[in-house]
Amino acid sequence: MTTGPDVSAPPKDYRLLVPREWFRIDLGHDRWRRELKTFVDRQAEGKSVPAEVTQEAWTTLRNTAEAAVAKGALEFFLRPELRDGSILPVSLVVSLIPTPGAPSPDQLFASFGERERRKGTGAEVSAVVLPAGEAVRIRTGTTVDWYIHMPGSVGYLVLGFVVPLTGVDGAMGRLCTSIVESLRWIM
């Protein structure tokens, strides 16, 4: 008799399908700042983007990446968007929150729901079952954060999307959901 993977054991890694045109930055290497600068320069190249806009985009993305690295981020994906002379990429930050004995997805859902009610931000908190397991989704007009419970109860993998131009409704929001649904654990 063949059995499936042991879901009580922690995964060795994960696999995530992200469209080819998204620019990937490995935040585990020291060269991520140079890669991020390359992305910004490529987006501005030949598009008569003012230097101030390029500098502002670089600074914003660098600050986002630095804050993400401080919180356990592993990867940063950027999808180029250029509108009205500004560089506003759709982004995905993949982070690992290793917390042995982490709260269950139900507990996390209740905690985030209560936090959002207190803050009154209007964020929608929902519990979702994905192919990779149970998750909690926090959604605003331009952001979606997915907290996916890892096998072995070792913590959560967080996929945080920012969709500044079109928001999370519509085609881009569906693409973000498809990326999340592609997540698979390597056991």
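The values are calculated or read from the model by the stated rules, or taken from the named source; none is laboratory data. Because the structure is a prediction, the values reported are computed rather than measured. Methodologically, a virtual Cβ is constructed for each residue, glycine included, from the backbone with ideal geometry; neighbour enumeration extends over all protein chains shown. Ligands, DNA and RNA are excluded from the accessible area calculation, which covers all protein heavy atoms including side chains. Shrake-Rupley method; radii C 1.70, N 1.55, O 1.52, S 1.80 Å.
With every protein chain kept in the model, how would you rank Ile179, Ile186 by accessible area, 1.4 Å probe, largest at the top? Before the final figure, lay out the partial values.
Details: Ile179 0, Ile186 70 Å².
Per-residue accessible area, sorted high to low, gives Ile186, Ile179.
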Measure of exposure for Ser178: accessible area at 1.4 Å probe, Å² rounded to 10, is 60
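Apply 1/(1 + (r/R0)^6) to the Cβ-Cβ distance of Lys119 and Arg33, taking R0 = 35 Å, and write down the FRET efficiency to the nearest 0.05. Working shown, then result.
Values: r = 32 Å, r/R0 = 0.92.
The calculated FRET efficiency here is 0.60.
What is the Å³ per residue value for the convex hull set by the Cα atoms of the chain?
Values: hull volume 25.8 nm³, N = 187.
Spelled out: Cα convex hull of the chain, divided by residues, is 138 Å³.
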Computed accessible area, Leu175, all protein chains, 1.4 angstrom probe, square angstrom = 50
Two-site label geometry, Ala171 and Asp13: point separation in nm, points 7 Å out along Cα→Cβ = 3.2
Plugging the Cβ-Cβ distance of Ser111 and Asp41 into 1/(1 + (r/R0)^6) at R0 = 35 Å yields, to the nearest 0.05, a FRET efficiency of 0.25
Please work out whether the stretch 110-164 counts as rounded, prolate or oblate from its C-alpha gyration tensor, where a ≥ b ≥ c are the square roots of the eigenvalues and a/c under 1.5 means rounded, while otherwise a/b larger than b/c means prolate and anything else oblate?
-> oblate
Would you calculate a helix-derived [θ] at 222 nm for the chain, using -39,500 (n - 2.57) for each DSSP H run of n ≥ 4 and dividing by the full residue count, to the nearest 500?
-> -10500 deg cm²/dmol
Please return the longest stretch of the chain lacking exposed loop sites, where trypsin sites (Lys or Arg not before Pro) count only if DSSP places them in a loop and at most 13 other Cβ atoms lie within 10 Å.
-> 72-187
Two-site label geometry, Ala67 and Glu52: point separation in nm, points 7 Å out along Cα→Cβ = 2.3
